[in-house]
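The values are calculated or read from the model by the stated rules, or taken from the named source; none is laboratory data. All values reported here derive from a predicted model rather than from experimental measurement. Positions of Cβ are generated from backbone atoms using ideal geometry, with glycine treated the same way; all protein chains shown enter the neighbour counts.
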Amino acid sequence: MRILKISDVYFPRVNGVSTSIETFRRDLAALGHEVVLVAPSYSRGGADPLETVDPAIRRVPARAVPQDPEDRIMSWGGLQRTLGALAQSKFDVVHIHTPFLAHYAGLKFGRAQGTPVIATYHTLFEEYLHHYVPLLPRRITGAITRRFSRSQCNQLDAVIAPSQAMKQALLAYGVRKRVEILPTGLPAERFQAGDGGAFRRRHGLKQEQPLLLFVGRTAHEKNIGFLLEMMLELRKRRPDALLLIAGEGPAAPALRAQATRLGLDGSARFLGYFDRGGELQDCYSAADVFVFSSLTETQGLVLLEAMAQGVPVVAIPRMGTIDILGPGLGCRQAPNDREGFAQVVHDLLADEGARRALGAQAREYAQTWASIRMAQRLSALYASLTHPAAAGGTPQGPGPP
């Protein structure tokens with residue numbers, strides 16, 4: 001099968017959408033599909049060493065988004081030229097990954113070819129937009145995003161939601177098209193054991209010091225400030241505990257200032273971004289507990305990455321994280337208040353036996369989310385759209401089949 005994927009974001013821009021695209025792209029190719037990806041260029045004249053040279057990736061000239069240097073806006077003319085060159089051969093499916101220029105260009109291309117068009121709804125924009133347009137009341141930004149999302153989704157042949165909560169949100173918006181739940185899985189390399197001891201030595205951390213870890217984009221919607229406030233409570237009982245925050249993003253300066261204001265400079269450390277290779281694996285392995293407080297996550301892939309390294313998770317069961325936390329394997333669910341969250345973390349730090357047992361359980365549970373299984377389900381979805389009479393449908397349900 002020949003598949004065209006199109007997105008307004010991709011590596012070297014690091015986020016969940018880029019990770020999901022690349023994970024599925026590699027596994028679909030391993031299953032024998034031909035996948036062509038159209039995405040923006042992040043270079044500023046000349047070749048960018050961070051942009052992998054791959055004939056299956058077509059880069060479109062793009063400019064920086066105002067007040068957001070991490071992202072790009074593709075040139076509409078360049079996008080049309082790129083797709084025009086691809087129109088010479090037939091694609092079986094067009095798969096859109098972002099609701100901006102990629103949506104309109106992908107829909108136009110697919111309809112011209114008579115090809116099914118689907119999209120993955122990666123982001124619950126209703127919960128995010130008010131952080132970036134603070135002058136508008138939340139009820140207004142929410143209404144705008146709900147109407148926008150409903151309109152776009154109903155133009156498609158099918159929609160992929162990465163979690164049960166996301167599917168329910170789309171149905172509540174009034175999306176009438178087929179909505180399938182299909183999370184992003186973990187690639188095989190995520191299960192390779194990291195060296196936590198070496199990470200601690202490199203970063204001057206004592207081997208016996210209790211380490212909490214958050215990994216993710218330091219953005220306002222990630223609710224990282226809650227974790228800093230939680231540390232105030234935890235420090236009363238475990239003054240030696242240290243919160244590591246691995247990631248970069250627009251909220252980093254405000255979070256650093258908050259940590260200083262709360263007097264947490266000795267209890268919280270900002271590490272910046274780690275490549276998802278050896279260093280991040282080592283970082284996960286160094287942690288005693290992975291902590292996560294986002295209330296708007298569409299899936300929470302970092303929870304599974306921590307579990308794959310045998311690190312137990314403490315998180316608030318909201319939105320997409322419920323699908324991972326629901327079975328209660330390798331994790332502890334925490335309440336959405338800083339005292340209650342701190343108590344769950346404290347109890348886990350105080351019980352080494354329980355922590356080890358949860359870690360072993362977490363590693364085994366993460367195996368059920370292997371990415372190749374998810375790619376097989378996506379392949380089945382594609383087949384059901386291109387040959388509906390012959391296809392048997394796709395597995396239902398929020399988690400692994």
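Before moving on, here are some points about what is shown:
- Scanning the stretch 217-232 for any residue that is in contact with a strand residue (DSSP E or B) (Cβ under 8 Å, 6 or more places away or on another chain), polar (S, T, N, Q) and either modelled with pLDDT of 95 or more or surrounded by 14 or more Cβ atoms within 10 Å (Cβ to Cβ) (or both) turns up at least one such residue.
Table: residues versus (1) of a type in the set (Lys, Arg); (2) within 16 Å of the chain's Cα centre (by Cα).
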{"residue": "Lys236", "(1), (2)": "yes, no"}
{"residue": "Gly247", "(1), (2)": "no, yes"}
{"residue": "Ala259", "(1), (2)": "no, no"}
{"residue": "Leu262", "(1), (2)": "no, no"}
{"residue": "Phe274", "(1), (2)": "no, yes"}
{"residue": "Leu280", "(1), (2)": "no, yes"}
{"residue": "Ser285", "(1), (2)": "no, no"}
{"residue": "Glu297", "(1), (2)": "no, yes"}
{"residue": "Val302", "(1), (2)": "no, yes"}
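- Any hit, the stretch 178-188, residues being within 20 Å of Glu352 (Cβ to Cβ), touching a Gly at 6+ places or on another chain (Cβ under 9 Å) and of a type in the set (A, V, I, L, M, F, W, C): no
- Scanning the stretch 237-267 for residues that are in contact (Cβ under 8 Å) with a residue 40 or more places away in the chain and part of a helix (DSSP H, G or I) returns a single hit, Arg237.
- Scanning the stretch 273-292 for residues that are charged (D, E, K, R), more than 17 Å from Leu227 (Cβ to Cβ) and not in a helix (DSSP H, G or I) turns up Asp275, Arg276.
- With respect to being within 25 Å of Arg363 (Cβ to Cβ) and assigned to a helix (DSSP H, G or I), Arg201 fits the description.
- A residue that is in a helix (DSSP H, G or I) and outside the structural domain of Glu297 (by TED's automatic domain parsing) occurs somewhere in the stretch 30-41.
- Filtered residues of the stretch 1-13 (kept if surrounded by fewer than 19 Cβ atoms within 10 Å (Cβ to Cβ) and under 12 Å from Glu51 (Cα atoms)): Phe11, Pro12, Arg13
- Of all residues in the stretch 332-381 being outside any helix (DSSP H, G or I) and of a type outside the set (Gly, Ala, Ser), the one that is surrounded by the most Cβ atoms within 10 Å (Cβ to Cβ): Trp369
- Against the test of being assigned to a strand (DSSP E or B), in contact with a Phe, Trp or Tyr (Cβ under 7 Å, 6 or more places away or on another chain) and outside the structural domain of Leu156 (by TED's automatic domain parsing), the options Phe270, Phe214 yield a single qualifying residue, Phe214.
- Residue ID - modelled with the highest pLDDT, chosen from residues in the stretch 43-80 that are over 24 Å from Ala29 (Cβ atoms) and among the hydroxyl-bearing types (Ser, Thr, Tyr): Ser75
- Taken over the stretch 371-401, the criterion of being of a type in the set (A, V, I, L, M) and at pLDDT 95 or above is satisfied by Ile372, Met374, Ala375, Leu378, Ala380, Leu381, Ala383, Leu385.
A quick yes/no check of all residues on (1) over 30 Å from Arg176 (Cβ atoms); (2) surrounded by fewer than 18 Cβ atoms within 10 Å (Cβ to Cβ); (3) touching a strand residue (DSSP E or B) at 6+ places or on another chain (Cβ under 6 Å):
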residue: Glu22; (1), (2), (3): yes, no, no
residue: Pro55; (1), (2), (3): yes, yes, no
residue: Glu70; (1), (2), (3): yes, yes, no
residue: Leu83; (1), (2), (3): no, no, no
residue: Arg111; (1), (2), (3): no, yes, no
residue: Val117; (1), (2), (3): no, no, yes
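- Sub-6 Å Cβ pairs linking a first residue in the stretch 53-64 that is in contact (Cβ under 8 Å) with a residue 40 or more places away in the chain to a second residue that is assigned to a strand (DSSP E or B) and not polar (S, T, N, Q), at least 6 apart or interchain, are Ile57/Leu37, ordered by first then second residue.
- Checking the stated criteria, Tyr273 turns out not to satisfy the condition of being modelled with pLDDT of 95 or more, in contact with an Asp or Glu (Cβ under 8 Å, 6 or more places away or on another chain) and among the aromatic types (Phe, Trp, Tyr).
- Criterion (surrounded by fewer than 20 Cβ atoms within 10 Å (Cβ to Cβ) and closer than 30 Å to Gln164 by Cα) met by exactly one of Tyr284, Tyr273: Tyr273
- The requirement of being more than 22 Å from the chain's Cα centre (by Cα), of a type in the set (Val, Ile, Thr) and outside any helix (DSSP H, G or I) is fulfilled somewhere in the stretch 46-53, by at least one residue.
- Candidate set: the stretch 174-209, residues that are over 19 Å from the mean Cα position of the chain (by Cα) and buried (at least 21 other Cβ atoms within 10 Å of the Cβ); chosen: the one farthest from Asp347 (Cα to Cα): Val175
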